[in-house]
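Here's the structure we're looking at; comments come further down.
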Amino acid sequence: MAGSQSGTMRTLDRVVIGAALLAYISSFLPWYSASITVLGIDRSSGVDAWNAGFGAWFAVLLLVAAGGVVLLDAFGGRVTLPASRPLITLGLSALAVLTIVLRWVTFPDASGGLDTRKVDRLGELGDFDLGSAFAVSSGAGVGLYLGLIAAVAASVASLLALRTSGRNRL
């Protein structure tokens, strides 16, 4: 029975390490992107986690730290931790989920400063019919989604590891 718990722990540890690696890779993908179309000319831009603000890069660092704690423990690095390893990785990954969600909610809205009534009136300029020639959009990019998936996976794996270790207290 103890062997099966040990195997489960190793699998859950691999999930935390994989989530840390996925978060690091996702940090170089677009976390936020915006695009604009004016008279048929399209322009778009995106920023990675390292340029998307504190909530993005800090979450990546939290997940990498959680993976580092697991690796340190797995390779025999005997460091005295203030709490159990699954509890520490759970705290780091849950904080990463929270910061990613907060960063997502606080991304600027591309149409936020745009008065749509004034844009609609552009079509009334004499013989010019701009119609739908002006469009602005923005939102979360693929990097944010992958980072959020990694943070949730690390949180769930850490929670399961904490429950199977039987040490729920500090």
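The values are calculated or read from the model by the stated rules, or taken from the named source; none is laboratory data. For clarity, every value in this text was computed on a predicted model and none was experimentally measured. Ideal geometry is used to build each Cβ from the backbone, glycine not excepted, and the neighbour counts take in all protein chains shown.
Taking the residues in segment 70-88 that are among the aliphatic types (A, V, I, L, M) and outside any helix (DSSP H, G or I) as candidates, determine which candidate is modelled with the lowest pLDDT. Per the stated criteria, the residue is Val79.
When segment 1-60 is limited to residues that are farther than 30 Å from Asp109 by Cα, surrounded by fewer than 17 Cβ atoms within 10 Å (Cβ to Cβ) and among the hydrophobic types (A, V, I, L, M, F, W, C), the one that is modelled with the highest pLDDT turns out to be Ala2.
Here is a yes/no grid of residues against (1) without any contact (Cβ under 8 Å) to a residue 40 or more places away in the chain; (2) closer than 30 Å to Val136 by Cα:
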position: Leu12; (1), (2): no, no
position: Gly18; (1), (2): no, no
position: Ser27; (1), (2): no, yes
position: Pro30; (1), (2): no, yes
position: Gly53; (1), (2): no, yes
position: Trp57; (1), (2): yes, yes
position: Val69; (1), (2): yes, no
position: Leu72; (1), (2): yes, no
